[in-house]
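One structure below.
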Amino acid sequence: HVDALVRGMGHIEKRSPEPLSEVSRIEHQLALIAQAFAGATPREVLDTARSIGNQVADDHGGVPAGEDRTINEWTSTPTDDGRLEVHANLDIVIGEKLVSAIESLAGKRPEPDGSEDARSAGQRRADALEMILDAAARAASSGVTELVAAPKTHLNLTVPADTPDAAALQWLGPISQTLAKTLSCDATVTAIIVDGEKVPLDMGHPQRLFTHHQRKALIVRDQCCVKCGAAAGYTQCHHLHHWADGGPTDLDNGCLLCTSCHAQIHASGWDIIMGADRHPWLLPPVEQDPNRTPIPAYNRRTMRLDGVAA
């Protein structure tokens, strides 16, 4: 528990772009200590610290570690035995999708003679990964080029009724409000409202996504990621006015963004607006351009700005 308290406070302090005040530090310490004395496990104390860290990041403009895509890493090393050893450090969204996909295929199945599944949980998950890779290979060989932009793994988002800003994903835990809005753009998310005892009170309907035909129309107009130019096959559909804030799912409120730019748009001072020409325009952060001069979408960067932005 002491280890969880120390690590938890370290996590909270790292999420704030400015040093925590003494009052805030003591307040967070007391919250974690009170939970520990109330019977929480070390894992639960760390989850609470993550939730507090997310709130600190939301309030002060920081980025929660679990949502920082810039530190993602995947390495694979062949072993002397001819096997492959994999190490990954992934942000919470990629991790949630990976765990959800694997767990959905890692259930027990009877042996041919009817006896119980002899595989361990780890072996079942490894087999599930192979099934996912085989499915991807079959899709690629059949000419399904939309594989990289296929519908996302369904995500369940738990929202406490008394503290809605402490939302959490089913497998990997607490997320920030910024990420919750990002997920509502291009992933099927079911929001489950729970009480203080985590008993479901209400289950929302899956949030509406851009349809296949709308996505095709966006590809015709934008051709690629409007910010960096990544190929359309690697993009997601982004709501200019966030879906979570009431933005409609239509062509005048949508554009294409690759996953990295999508995360950056939601977490930084960048904005995207729809111009009078019915094309998306990017507004840089004040720190980068005090005048926030509109920048055309990537596929239209060769055009002049004369009168068009107005």
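The values are calculated or read from the model by the stated rules, or taken from the named source; none is laboratory data. Everything numeric here is computed off the predicted structure, so don't read it as measured data. Cβ placement follows ideal geometry from the backbone for every residue including glycine, while neighbour counts extend to all protein chains displayed. What goes into the accessible areas is simple: the full protein's heavy atoms, side chains included, and nothing from ligands, DNA or RNA. Shrake-Rupley method; radii C 1.70, N 1.55, O 1.52, S 1.80 Å.
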Can you tell me how many residues in the stretch 56-98 are under 21 Å from Leu155 (Cα atoms), not acidic (Asp, Glu) and not in a loop (DSSP other than H, G, I, E, B)?
11
So which residues in the stretch 1-50 are under 14 Å from Ala65 (Cα atoms) and among the small types (Gly, Ala, Ser)?
Gly8, Gly10, Ser16, Ala49
If you check Ala49, Ala57, which single one turns out to be closer than 28 Å to Lys181 by Cα, touching a Ser or Thr at 6+ places or on another chain (Cβ under 8 Å) and open to solvent by less than 50 Å² (accessible area, probe 1.4 Å)?
Ala57
Which one is surrounded by the most Cβ atoms within 10 Å (Cβ to Cβ) among residues in the stretch 244-263 that are in contact (Cβ under 8 Å) with a residue 60 or more places away in the chain and out of contact with any strand residue (DSSP E or B) (no Cβ under 8 Å at 6 or more places or on another chain)?
Ala263
Between residues in the stretch 63-82 that are of a type in the set (Ser, Thr, Tyr) and residues that are outside any loop (DSSP other than H, G, I, E, B) and open to solvent by 90 Å² or more (accessible area, probe 1.4 Å), which pairs lie under 8 Å by C-beta distance while being six or more apart or on different chains?
Thr75/His87; Ser76/Leu84; Ser76/Glu85; Ser76/His87; Thr77/Leu84; Thr77/Glu85; Thr77/His87; Thr79/Glu85
Restricting attention to the stretch 270-293, does a residue exist that is farther than 23 Å from Arg215 by Cα, modelled with pLDDT of 90 or more, touching a Phe, Trp or Tyr at 6+ places or on another chain (Cβ under 6 Å) and open to solvent by 30 Å² or more (accessible area, probe 1.4 Å)?
no
Any residue that is modelled with pLDDT of 75 or more and either buried (at least 17 other Cβ atoms within 10 Å of the Cβ) or under 18 Å from Lys181 (Cβ atoms) (or both) - is there at least one of those in the stretch 70-80?
no
If you take the residues of the stretch 275-300 that are β-branched (Val, Ile, Thr) and assigned to a loop (DSSP other than H, G, I, E, B), which of them is farthest from Gly229 (Cα to Cα)?
Val286
Members of the stretch 1-46 found to be of a type in the set (Asp, Glu) and either in a helix (DSSP H, G or I) or within 20 Å of Ala180 (Cα to Cα) (or both), listed by number
Asp3, Glu13, Glu22, Glu27, Glu44
Which residue pairs have Cβ atoms closer than 9 Å, lie 6 or more positions apart in sequence or on different chains, and pair a first residue in the stretch 25-38 that is open to solvent by less than 60 Å² (accessible area, probe 1.4 Å) with a second residue that is among the hydroxyl-bearing types (Ser, Thr, Tyr) and in a helix (DSSP H, G or I)?
Ala31/Thr48; Leu32/Thr48; Gln35/Thr48
Considering only residues that are surrounded by fewer than 17 Cβ atoms within 10 Å (Cβ to Cβ) and part of a loop (DSSP other than H, G, I, E, B), look in the stretch 169-194 and name the one that is modelled with the lowest pLDDT.
Thr188
What pairs can you find where one residue is in the stretch 92-115 and over 17 Å from Ala168 (Cβ atoms), the other is small (Gly, Ala, Ser), and their Cβ atoms are less than 7 Å apart, with a gap of 6+ or different chains?
Ile102/Ala128; Leu105/Ala128; Ala106/Ala128; Glu111/Ala118
Out of the residues in the stretch 99-130 that are in a loop (DSSP other than H, G, I, E, B) and of a type in the set (Gly, Ala, Ser), which is surrounded by the most Cβ atoms within 10 Å (Cβ to Cβ)?
Ala106
Among all residue pairs at least 6 apart or on different chains, which show Cβ distances below 8 Å where the first residue, located in the stretch 121-150, is at pLDDT 60 or above and the second is of a type in the set (Asp, Glu) and surrounded by 14 or more Cβ atoms within 10 Å (Cβ to Cβ)?
Arg125/Glu103; Ala128/Glu103
Which pairs turn up if I take residues in the stretch 210-234 that are more than 13 Å from Cys261 (Cβ to Cβ) and look for partners that are polar (S, T, N, Q) and at pLDDT 85 or above with beta carbon separation below 6 Å, at least 6 apart in sequence or on another chain?
Gln223/Asn299
